[in-house]
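Below is one structure, written out as C-alpha cells; the observations come after it.
The values are calculated or read from the model by the stated rules, or taken from the named source; none is laboratory data. What you see is a predicted model, and the numbers here were worked out from it, not measured in a lab. Backbone-built Cβ (ideal geometry, glycine too); neighbour counts: all protein chains shown. Accessible surface areas use protein heavy atoms only, side chains included; no ligands, DNA or RNA. Shrake-Rupley method; radii C 1.70, N 1.55, O 1.52, S 1.80 Å.
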Amino acid sequence: MTKKEAMDAIYTILDHELKVPTLEQFHQDARMNEDLALDSIMILQLLLELEIKYGVAIPDEHIDIKAFYTVGALAAFVADKQEEPLYD
C-alpha cells in the first residue's frame with residue numbers, strides 16, 4: 001500500500017465508518033486529535049477498520065505514538081509497515 005492509498009483508505013474509513021464530522025479539515029498535515037477531533041477509541045476503530053477492510057496488519061509492538069499525530073504520519077506509517085514482513 002502506498003502512502004496515497006493509505007490516505008485514501010483513512011479518509012474512506014473516517015467518512016463511511018466513523019462518520020467524522022470534521023472531514024473538511026482532512027489533509028496530510030491535519031492533526032488527528034486537534035483538527036479531526038479523533039479520540040483514542042476512534043483511532044483504535046480506524047486501525048481495526050484498516051486491518052479488516054484493507055488487510056493492514058500492524059502488530060501492537062510496532063505501534064509508534066508519533067505515527068498518530070497527523071494524517072500524513074499515519075499514512076506513511078501504514079505504508080511503511082505494509083512493506084515489512086509480518087514475522088521475522
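With an 8 Å cut-off on Cα pairs and a minimum separation of 6 or more residues, tell me the relative contact order of the chain in percent. Reported relative contact order: 41 percent. The fraction of accessible area contributed by carbon and sulfur in the stretch 17-88 is 52 percent, rounded to a whole number (1.4 Å probe; ligands and nucleic acids excluded). For the stretch 1-81, the list of GluC sites (Glu not before Pro) that fall in a loop by DSSP and count at most 16 other C-beta atoms within 10 angstrom reads Glu34. Karplus-based coupling profile of the stretch 67-75, in residue order and whole Hz: 6, 9, 6, 10, 4, x, 5, 5, 4, with θ = phi - 60° in 6.51 cos²θ - 1.76 cosθ + 1.60 and x standing for Gly or Pro.
Can you work out the accessible area per residue across the chain, with the rest of the protein chains kept in place, probe 1.4 Å, in square angstrom?
Each residue of the chain exposes 61 Å² on average to a 1.4 Å probe.
Each 5 Å bin from zero up to the one holding the largest Cα-Cα distance in the chain carries the following percent of pairs: 3, 15, 30, 29, 17, 5, 2, 0, 0. The count of lysine pairs in the chain whose Cα atoms are under 21 Å apart, excluding pairs fewer than 8 places apart on the same chain, comes to 10.
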